Amino acid sequence: MKPRIKIASALTPDGGEMELYKHDLDFSIRVKGQELMNSRLFESELELARLGCAHLKDRKKPQVIIGGLGMGYTLRQTLDLLHPSSKIIVSELLSAVVDWNREFLGELNNHPLEDKRVEVREGDITQLILRSNNLFDSILLDIDNGPDAMTNSSNSFLYSFEGMDACRRALRNMGCLAIWSVESSKSFEQLLMRCGFHVRRYRVPAYKGSKSRSRFVWVASENENILPAGGGEPRRSAKRAFKVDRSYKGRR
């Protein structure tokens, strides 16, 4: 049996160590000793793109932002789904992850970072979202493990009411927000609805054919009619809903 070899490492913003391993033809990334991602378990990352971009099938020149590069699976699927005139921004907090994709991981997905439609922006996606207004047709978030942060505690703001409302404002009319998570969360679903979103929850396999290991993707939009078919519809809280401001300029 071939050994698992550590081929690179970097520090996370919280001071933990992120490590890249290779075992035969497979790669894995571990943070603080826990496996964050594995090149054998990528079906849910593909589903994030499929669900979050389903409404863009026939749309020309869509603009999409992906939060979290990972091993490039969501980016690759997004590129394969969208029109050649599309623009895809990849926001990645850790420059090491971008470097690893270019040096080691590009072969997994036919080097998606080399596609002319892709623009990489290193840094905190929260700040980018806060500066955006009526800009994106889809926002795809695969940050940490979902609403429960693992590599950067500051991501808790992104998954707060203020962060999700900023995502709503950054979407164009007929736009969708899709969020990957390792676990389901009723409280997070309620938060999305308080932001003014219609929400669907999808249980997706960690790898193709898997039934025992599953992940979750939420797709949210102000327009219920463009949400993908299927999925579970969260129940709205009996508490009084927050009033959401939809009057800002630039909304199409």
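The values are calculated or read from the model by the stated rules, or taken from the named source; none is laboratory data. If you're wondering where the values come from, they're calculated on a predicted model, not measured in any experiment. Using ideal geometry, Cβ is built from the backbone for each residue, glycine included, and neighbour counts are taken over all protein chains shown.
What the table below lists for this structure:
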quantity	calculated
Counted residues, segment 1-24 - those being in a loop (DSSP other than H, G, I, E, B), of a type in the set (Asp, Glu) and surrounded by 13 or more Cβ atoms within 10 Å (Cβ to Cβ)	1
Elements of type strands (runs of 3 or more DSSP E) in segment 25-143, at least 3 residues being buried (at least 16 other Cβ atoms within 10 Å of the Cβ) and in contact with a strand residue (DSSP E or B) (Cβ under 9 Å, 6 or more places away or on another chain)	26-31, 34-38, 63-67, 87-92, 136-141
Filtered residues of segment 150-173 (kept if surrounded by fewer than 17 Cβ atoms within 10 Å (Cβ to Cβ), part of a helix (DSSP H, G or I) and not hydroxyl-bearing (Ser, Thr, Tyr))	PHE157, PHE161, GLU162
Residues that are buried (at least 18 other Cβ atoms within 10 Å of the Cβ) and part of a loop (DSSP other than H, G, I, E, B), drawn from segment 207-227	GLU222, LEU227
Checklist (1) crowded, with 19+ Cβ neighbours inside 10 Å; (2) of a type in the set (Lys, Arg); (3) at pLDDT below 95 applied to ARG200, failing item	(3)
Neighbours by Cβ (under 6 Å, 6+ apart or cross-chain): first from segment 174-203, assigned to a helix (DSSP H, G or I); second charged (D, E, K, R)	MET193/ARG236
Residue among GLY68, GLY33, GLY106, GLY72 that is under 21 Å from SER138 (Cβ atoms) and either without any contact (Cβ under 8 Å) to a residue 60 or more places away in the chain or in contact with a Pro (Cβ under 7 Å, 6 or more places away or on another chain) (or both)	GLY72
Selection count where residues are within 13 Å of PHE157 (Cβ to Cβ) and either within 14 Å of the chain's Cα centre (by Cα) or among the charged types (D, E, K, R) (or both), scope segment 114-130	4
